[in-house]
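Step one of this worksheet: look at the structure below.
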Amino acid sequence: MTRPYDALLARAHAHALDYLHALPDRHVGATATRDELLAALRTPLSPQGEAPEAVIDLLAAQVPRGASACNSPRYFGFVIGGATPVSLAADWLVSTWDQNAGIYVISPLVAVAEEVAGEWLLDLFGLPQESGVGFVTGCQMANVTCLAAARHGVLRRVGWDVEADGLQGAPRINVVASAESHITIDVALRYLGLGTKCIQRVESDAQGRMRPDALRALLATLDGPTIVCAQAGNVNTGAFDPLREIGAACNAHGAWLHIDGAFGLWARASADPATRALIDGVELADSWATDAHKWLNVPYDCGVAMVKSRDDHRAAMTSAAAYLIQTQGVERDAVDWVPDFSRRARGVPVYANLRALGRDGTARLIDDLCARARRMADGLASEPGVRILADVVLNQVLVRFGEDDDLTRRVVVGVQEEGTCWLGGTSWQGKAAMRISVSNWATTEDDAARSVAAILKVWRQLRP
Ligand SMILES: *Cc1c(COP(=O)(O)O)cnc(C)c1O
């Protein structure tokens with residue numbers, strides 16, 4: 001009997017371990033140019049094909065220079081997160097099992113694991129246990145899913161079935177978001193046919209938090225179906241909109257409150273009362289979007305959509321077709337809760353990671369990284385000419401060098417080239433800033449200290 005998988009998977013396993021073992025020491029950025037990568041990868045598609053071993057070796061050979069080490073413990077760009085060993089192992093199994101996790105009948109195991117993982121998430125986040133849960137590709141699609149449920153919910157209440165009748169001729173929906181909402185909210189509104197021009201912006205304060213007085217004033221002028229998008233965790237500062245006040249205002253007005261908590265929702269899993277206080281009132285919302293591939297540190301890709309009204313969630317997402325064998329009972333068909341039809345069993349690594357971490361391990365994951373972010377901010381702020389631009393309340397740090405946009409951008413590029421760590425730049429309230437996001441389970445105190453030292457070394461070389 002031939003065993004077509006053995007040799008190839010052994011090879012992939014060896015390449016995977018090489019990659020993982022090199023992570024702590026390699027240059028954190030990608031160093032190859034597009035031309036160099038094209039020279040390595042582009043070839044006319046051969047008629048006869050090539051040896052699979054050679055193809056796998058070729059890809060693996062390009063990784064050290066062609067891929068950034070975005071799961072390195074010293075990668076602080078965007079909000080990325082690594083992959084814990086158990087979640088990576090579970091993800092390997094997911095690929096191996098090759099389950100189409102769209103409907104229960106294909107994969108009862110996956111459907112049940114995702115059902116349980118969803119219950120655990122609602123519990124960790126302190127959200128109503130009866131909420132609908134869908135595992136999607138990321139917070140972008142979680143925002144789409146939640147806002148589709150919102151669109152359905154607010155129109156249903158005024159007697160309009162948007163799933164059947166669409167938006168043409170529908171009652172107008174007021175859409176409210178903060179000046180600081182994430183771009184994926186705009187994109188979600190585009191996908192949903194509401195467009196972006198309809199967004200009424202609410203002013204934010206100096207930390208990037210929606211001003212509840214401004215929201216109340218705006219709501220007082222609005223009639224009819226209304227959706228408010230608030231945020232737990234500003235992508236630059238980590239700041240939280242004051243959710244209890246916002247929730248109270250939305251509930252009083254009868255508006256649907258959606259919360260984008262891509263990484264910030266995880267503050268609720270913290271053991272630190274100060275961190276948990278940031279997200280006080282989160283349960284007052286109607287829907288919540290978050291990521292598992294960021295702070296929970298499961299491999300890409302995995303986001304989570306949660307909607308308090310299961311009926312609105314399901315009505316917005318469900319698919320039915322004659323040939324589908326859908327459950328009539330309590331079994332869960334994922335197609336009812338997500339935009340996808342066929343899909344990856346991406347909730348399984350979430351199940352594995354949460355089960356392995358437990359409540360305390362999840363809290364430690366959150367609290368340790370907040371502590372590392374504070375440590376990095378303190379280390380940088382003690383250097384003359386370096387300023388932290390916003391309160392470090394979570395895992396995000398904004399840094400400015402020499403009160404100078406150009407200098408700040410040059411320090412960012414200098415650090416990227418130096419290679420000890422990687423981080424990006426941003427613009428915060430009109431000022432260029434370095435942006436540090438501490439989101440990887442593997443980032444140690446030593447990684448934080450080495451990164452601060454590397455950043456300061458570059459700054460000392462560049463400062464006037
Ligand atoms: C990352 C992020 C998103 C988008 O999430 P993806 O997982 O990249 O789709 C949305 N909102 C906020 C606040 C984010 O940080």
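The values are calculated or read from the model by the stated rules, or taken from the named source; none is laboratory data. Because the structure is predicted, anything quoted here is derived from the model rather than measured. Cβ placement follows ideal geometry from the backbone for every residue including glycine, while neighbour counts extend to all protein chains displayed. Only protein heavy atoms, including side chains, enter the accessible area calculation; ligands, DNA and RNA are left aside. Shrake-Rupley method; radii C 1.70, N 1.55, O 1.52, S 1.80 Å.
For the stretch 354-464, the Stokes-Einstein estimate of translational diffusion at 25 °C and a viscosity of 0.890 mPa s comes to 171 µm²/s, using the Kirkwood hydrodynamic radius over alpha-carbon pairs. For the chain, the fraction of 1.4 Å probe accessible surface lying on carbon and sulfur atoms is 55 percent.
Put Leu124, Leu357 in order of accessible area, highest first, and with a 1.4 Å probe you get Leu357, Leu124.
Taking every protein chain into account, the accessible area of the stretch 90-353 amounts to 37 square angstrom per residue (probe 1.4 Å). Using only side-chain charges placed at the Cβ, +1 for Lys and Arg and -1 for Asp and Glu, the dipole size of the chain relative to its Cα centre rounds to 720 debye. Shape summary: the chain maps onto an equivalent ellipsoid whose semi-axes, from the alpha-carbon gyration tensor, are 36, 32, 20 Å in decreasing order. A straight Cα-to-Cα reach below 19 Å connects Lys457 with the aspartates and glutamates Asp25, Asp378, Glu383, Glu403, Asp404, Asp405, Asp406, Glu417, Glu418, Glu445, Asp446, Asp447, residues fewer than 8 places away in its own chain not being considered. What the stretch 6-69 shows is 67 Å² of accessible area per residue, with the surface traced by a 1.4 Å probe over protein heavy atoms.
For the set Asp312, Asp205, Asp165, solvent exposure ranked by accessible area (probe 1.4 Å, protein chains only) runs largest to smallest as Asp165, Asp205, Asp312. Please say if the stretch 90-353 is rounded, prolate or oblate, where rounded means a/c under 1.5 for a ≥ b ≥ c the square roots of the C-alpha gyration tensor eigenvalues, and otherwise the choice is prolate for a/b larger than b/c and oblate otherwise? Cα axes put the stretch 90-353 in the oblate bin. When the Cα positions of Leu365, Ala377, Ala334 are compared along the charge dipole of the stretch 298-421, Ala334 comes out farthest toward the positive end, with charges on each C-beta of Lys, Arg, Asp and Glu.
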